[in-house]
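Input: a single structure, listed below in structure tokens.
The values are calculated or read from the model by the stated rules, or taken from the named source; none is laboratory data. Just so you know, these numbers come straight off a predicted model, no measurement behind them. Virtual Cβ from ideal backbone geometry, glycine too; neighbours counted across all protein chains shown. For the accessible areas, the whole protein counts, side chains as well, though only heavy atoms, and no ligand, DNA or RNA atoms are used. Shrake-Rupley method; radii C 1.70, N 1.55, O 1.52, S 1.80 Å.
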Amino acid sequence: MAPTIQEQPLYMQYLISTQHTASPDEWATGLNELQEVIVDKEFYQVAPVVVKMARLSDDRFQFIYYVPISLPLTGNSQFSEQFHYVDKLAVDHALVLRQANNTASYRDAIKILEEYANQNGYTLSGDYYMVVTEIYDTYVLDIFAKLESGWHA
């Protein structure tokens, strides 16, 4: 069965963010630290975590983690050296694939999205986002590949 790929935006507001550089297989490491600060600062998480990925080399990625919270923060947007507030995350046009239904890893899902884009006249920006939902001690990932051009309004 062919994977289902859709065009969708990704928009979230009022986020706590942090970033890490790690191997591609260590993407989930930052989730634990972010969850700890959410609990410690008594923020209320209102949606799944979003992880933005950027390849630095074959074995190193930069991961930026975003956790949506219930209300905007006022005052200084950086409340520690490692964690800061982001008012919104907006990706107007993206190709989306639910990784859990189709592939063994998010990197395989990205390859599927890249092949689909090439075959259908889309230009990808190179920005990829994972919307991470934890269900029964496992992660379900929706992979968003930001479109540079070729999207259909």
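Scanning residues 5 or more positions from residue 49 or on other chains, those with amide H under 5 Å from its amide H are 132, with H placed 1.01 Å from N in the peptide plane. Can you give me the angle between helix 29-40 and the longest principal axis of the chain, using Cα atoms only, in degrees from 0 to 90, rounded to the nearest 10? The two axes meet at around 40 degrees. A 1.4 Å probe run over the chain, with the rest of the protein chains in place, finds 58 Å² accessible per residue. Answer rounded, prolate or oblate for region 1-68, using the Cα gyration tensor with square roots of eigenvalues a ≥ b ≥ c: rounded when a/c is under 1.5, else prolate when a/b is larger than b/c, else oblate. Taking the square roots of the gyration eigenvalues as a ≥ b ≥ c, region 1-68 is oblate.
Plugging the Kirkwood radius over Cα pairs into Stokes-Einstein for the chain, at a temperature of 20 °C and a viscosity of 1.002 mPa s, what D comes out in µm²/s? In µm²/s, the coefficient is 133. Go ahead and run the numbers for FRET between residue 33 and residue 120, Cβ-Cβ distance against an R0 of 30 Å, rounding to 0.05. Efficiency, from the Cβ-Cβ distance: 0.20. Excluding same-chain neighbours fewer than eight residues apart, the lysines reachable from residue 111 by a Cα-Cα span under 30 Å are 52, 88, 146.
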